[in-house]
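All of the numbers you see were taken from the coordinates with simple rules; none came from a lab. Everything quoted here is computed from the prediction, not taken from an experiment. All Cβ positions, glycine included, derive from the backbone under ideal geometry; neighbour counts span all protein chains shown.
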Amino acid sequence: MDLSQIQQSLDAAAEEAGRAAAAAATTDELRSIESRVLGKSGPVAGVMALMKSLPGDQRGAVGKLANETKKAIEALFAARREELKHALAAGDQARGAAFDPTLPGPVRLRGAVHPVTAVQWEVEDALARMGFVAVSGPEMESDYYNFEALNIPAMHPARDMQDTFHVDNGCVLRTHTSPCQVRAMERFGAPLRVIAPGRCFRYETLDASHENTFFQVEGLMVDRGISVANLIAVMRVMLQQVFRRELKVRLRPGYFPFVEPGFELDMSCALCDGKGCPVCKRSGWVEVCPCGMVHPNVLRFGGIDPAEFTGFAFGLGLTRLAMMKYGIADIRLLNSADLRALVHPERLCGPLI
């Protein structure tokens, strides 16, 4: 390759570099093109590599041409880089002039309290205003507190009412939060007003209304002269505050070993206002919780004399209450990852009438 051919090759490389630089839209793109043109595999580096094979009297001229071309290409890229910087600054200035700091910021999706937790807080708040104090207990419970101290001795047929998870160490996963009432009586004595919210476990077949993990709040009031009228009054006030409106309640006879007499407390269906819907099985009533007057044997297990004190207890299903409040027809949604049910449960179903 003679000197004129090398000159033509370098001129062509400079022209191609100029066209590529002009087409670059960003400084990153321009940097990539510059690296390709002036790098080790570029046309200028290729000419420099030919100098070893050229006669000695031509090397100086070829080296001068290559250096001049390289400087010209570098100056071309530097000028284009300044143009892009000015264009970027002008765009930022234009966007800044259009910015209105008084406008509200973008709305971002935020997390929310779980529906069961929200209902639990409302129940706790309502009962706290009536003098109840929240207590807690272990989820892996001894057989004594889960059954024996609640008047359910070994081989008692009532144990079959609750499908229980048994643990290898001899304990059970608590089937209700009722063990907390015995622990509270042992610790505080009488008079006493406590609630025990928490998670419970039962070996259930999963369907729209049954889960093997659910939440409950146990309530206990022990004092002199406590009667069924006190139970009804407390439950009515609590439900009215949770649902923000007047609700009817009723008691039906029910059997539970730890209370005598025992009742099933029903509330008028909050979804259909007692008119009848699929959730309440067209009856207008929904079972809320088992309740009743504390059995004398349970008071004795708690260290309280049943001849001096009486009391009532109830086990309110927080999961069932959340379903009623937010119109959720399938209990499995509450343990799912469906954000429609967990963040905005009121938008998922609405009243199921």
Fill in the blank from the handout: Footprinting proxy, 195, 33, 73: sorted fewest to most Cβ within 10 Å, the residues are 33, 73, 195
Practice task
Putting +1 on Lys and Arg Cβ atoms and -1 on Asp and Glu Cβ atoms, find which of 334, 76, 128 reaches farthest to the positive end of the dipole of the chain.
Solution key: 76
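Counting other C-beta atoms within 10 Å, which of 166, 156 has the fewest, and how do the rest follow?
Values: 166 11, 156 14.
Starting with the residue having the fewest Cβ neighbours, the order is 166, 156.
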Completion exercise
Relative to the chain, whose Cα atoms define the longest principal axis, helix 56-98 and its Cα axis are tilted in degrees, nearest 10, by 40 degrees
Problem - Option label - mean projected area of the Cα convex hull in nm² computed here, alternatives (i) 22.5; (ii) 33.3; (iii) 18.6 - result: (ii)
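Give, as a single signed number, the net charge of other residues whose beta carbon lies under 11 Å from the beta carbon of residue 200, with Lys and Arg counted +1 and Asp and Glu -1. Intermediate results must be reported in sequence, preceding the final value.
Numbers: positive: 174, 199, 202; negative: 139, 141, 204, 211, 218.
That sum, taken over residues with Cβ under 11 Å, equals -2.
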Completion exercise
In vacuo Debye sum over C-alpha of segment 3-95, base-10 log of normalised intensity I(q)/I(0) at q = 0.16, 0.17, 0.25 Å⁻¹, listed in q order, is -0.66, -0.72, -1.21
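Let me spell out the model: positive unit charges on the Cβ of Lys and Arg, negative unit charges on the Cβ of Asp and Glu, origin at the Cα centre of segment 3-95. What dipole size does that give, in debye rounded to 20? List each step's numbers first, then the result.
Values: 13 positive and 12 negative charges, 53 e Å.
Using only the charged Cβ atoms, the result is roughly 260 debye.
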Problem - Distant-in-sequence amide H partners of residue 285 (H built 1.01 Å from N, under 5 Å) - result: 269
Practice task
Give the angle, between 0 and 90 degrees and rounded to the nearest 10, that separates the Cα long axis of helix 27-38 from the longest principal axis of the Cα atoms of the chain.
Solution key: 40 degrees
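As a footprinting exposure proxy, order 103, 88 by other Cβ within 10 Å, with the fewest listed first. Working shown, then result.
Numbers: 103 7, 88 12.
Going from sparsest to densest Cβ surroundings: 103, 88.
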Problem - Whole-number percent relative contact order across segment 115-347, with pairs defined as alpha carbons under 8 Å at least 6 apart - result: 22 percent
Problem - Part-to-part distance (alpha-carbon centres) for segment 216-261 and segment 141-206, which is given in Å - result: 20 Å
Problem - Residue-averaged 222 nm ellipticity for the chain, from DSSP H runs of 4+ at -39500 (n - 2.57), nearest 500 - result: -13500 deg cm²/dmol
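Roughly how big is the chain's charge dipole about its Cα centre, with Cβ charges of +1 (Lys, Arg) and -1 (Asp, Glu), in debye to the nearest 20?
On the way: 39 positive and 41 negative charges, 135 e Å.
That gives a dipole near 640 debye.
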